[in-house]
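The values are calculated or read from the model by the stated rules, or taken from the named source; none is laboratory data. Everything quoted here is computed from the prediction, not taken from an experiment. FYI the Cβ positions are ideal-geometry reconstructions off the backbone, even for glycines, and counts take in every protein chain you see. SASA here: full protein model, heavy atoms, side chains in, ligands and nucleic acids out. Shrake-Rupley method; radii C 1.70, N 1.55, O 1.52, S 1.80 Å.
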Amino acid sequence: KKKMKKSIIILFNLFISCNIFSQNTSQTNIILMIGDGMGLTHISAGMYSLNNNTALESFPFVGLVKTHSHNALVTDSAASGTAFACGEKTLNGTIGINPQNKKIKSILKHSKEKGYKTGIIATSTIVHATPASFYANVLSRNQYEDIALQLSQSDVDFFIGGGRDYFTRRKDKRNLIEEMSSHEFVYSLKKFTESKSNKIGFLTSLGDPVPINQGRKPKLSNAVEEVLSKLSSNQEPFFLVVEGSQIDWGGHKNDINYVISEFKDFDEAIKSAINFSSKNKNTLVIVTSDHETGGLAITGGKIKRFQIKTKFNTIGHSATMVPIFSYGPNSELFSGVYDNTEIFDKMLSTINN
């Protein structure tokens, strides 16, 4: 009887501890995934190159997003990033500041105030326009050293991206990595995984990371999986931004092979996010784009092997609407046709529930 009583007590304590250390399910995690420059044709080209299959087909809700900025029908990444990060249209080239020259609070900062853990992953530099829209307020997207300084003073718990030189080889001679005593900095995904720190920075390259077809590491899917593991290892909900940055760069170069290879890397990361959400039912996954790049069209091809012929119409952006896909709690909010500022509104209503 004593042994049985002891076993019951152990099982009861184990049950209590599992509930204590399981992730809080009363608030919704958000994974926002941005394929920079990724229009519907980029998705189609990537899908056909993956034998007519993409992770996006598992999303139950699909919508269309208007991308224009405050002052131009054709947006740039700074204005569009600010629109869905902060909920207001602004001028092209401006990050986190509205046309009235007022700083605006991002969804990442709102989520932090709600007790969320936060993360940003990018295949560009971490100070590039889209990721910067979630933590910085600058008049010009080219103020990279100012953006790096604001990241060093921000509430971002985990970040992975390039651009180490903006933190260490600065005009003001400051070493922001040394100043960020709250964070442990690592220089490989293996060290990121092994770290026990609650705040980790991984600057993957001195400047811009190389394309995936030139050996960029880590793969975006591996980075997503490791950051999700860190974010979900405690009771707090989390907000994670993931950018497949170089789909846009392939569009600017009018290089379809560059576009497709970057889309494949992004698609694998989407699979990782969906796998996580399917096991953690309180996780909303949103996949969208800031704008279309290149005016890409599929003009022909062969159906048997899904070979495609493509044509670009510009080396810049276009004003076409971009798709948005959603999966998980509140995903139905993201269907329909609406302005990019409403993405912010829908995410804010989710974290406020």
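General observations
- Yes/no for residue 115 being within 24 Å of residue 229 (Cβ to Cβ), among the small types (Gly, Ala, Ser) and touching a residue at least 60 places away in the same chain (Cβ under 8 Å): yes
- Of the criteria (1) of a type outside the set (D, E, K, R); (2) within 15 Å of residue 219 (Cβ to Cβ); (3) in contact with a strand residue (DSSP E or B) (Cβ under 7 Å, 6 or more places away or on another chain), which one residue 272 fails: (3)
- Number of the exception - residue 88 against (1) within 28 Å of residue 193 (Cα to Cα); (2) among the acidic types (Asp, Glu); (3) touching a residue at least 24 places away in the same chain (Cβ under 8 Å): (1)
Residue by residue, here is whether (1) buried (at least 24 other Cβ atoms within 10 Å of the Cβ); (2) under 16 Å from residue 33 (Cα atoms); (3) of a type outside the set (D, E, K, R) holds:
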| residue | (1), (2), (3) |
| --- | --- |
| 122 | yes, yes, yes |
| 129 | yes, yes, yes |
| 133 | yes, yes, yes |
| 139 | no, no, yes |
| 142 | no, no, yes |
| 147 | yes, no, yes |
| 151 | yes, no, yes |
| 154 | no, no, yes |
| 158 | yes, yes, yes |
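- Of everything listed in (1) closer than 18 Å to residue 146 by Cβ; (2) within 16 Å of the chain's Cα centre (by Cα), the single unmet condition for residue 91 is (2).
- Total residues in region 181-197, condition touching a helix residue (DSSP H, G or I) at 6+ places or on another chain (Cβ under 7 Å) and crowded, with 17+ Cβ neighbours inside 10 Å: 4
- Some residue of region 264-271 being of a type in the set (Phe, Trp, Tyr) and touching a Gly at 6+ places or on another chain (Cβ under 7 Å): yes
- Filter result (aromatic (Phe, Trp, Tyr) and open to solvent by less than 30 Å² (accessible area, probe 1.4 Å)) within region 160-180: 167
- Candidate set: region 198-228, residues that are surrounded by 18 or more Cβ atoms within 10 Å (Cβ to Cβ) and of a type in the set (A, V, I, L, M); chosen: the one farthest from residue 145 (Cα to Cα): 228
- Helices (runs of 4 or more DSSP H) wholly inside region 1-100 that include at least 1 residues being more than 25 Å from residue 273 (Cα to Cα) and at pLDDT 95 or above: 77-86
- Members of region 285-333 found to be modelled with pLDDT of 95 or more and aromatic (Phe, Trp, Tyr), listed by number: 312, 325, 327
- Check on residue 293, closer than 20 Å to residue 324 by Cβ, in contact (Cβ under 8 Å) with a residue 12 or more places away in the chain and more than 14 Å from the chain's Cα centre (by Cα): yes
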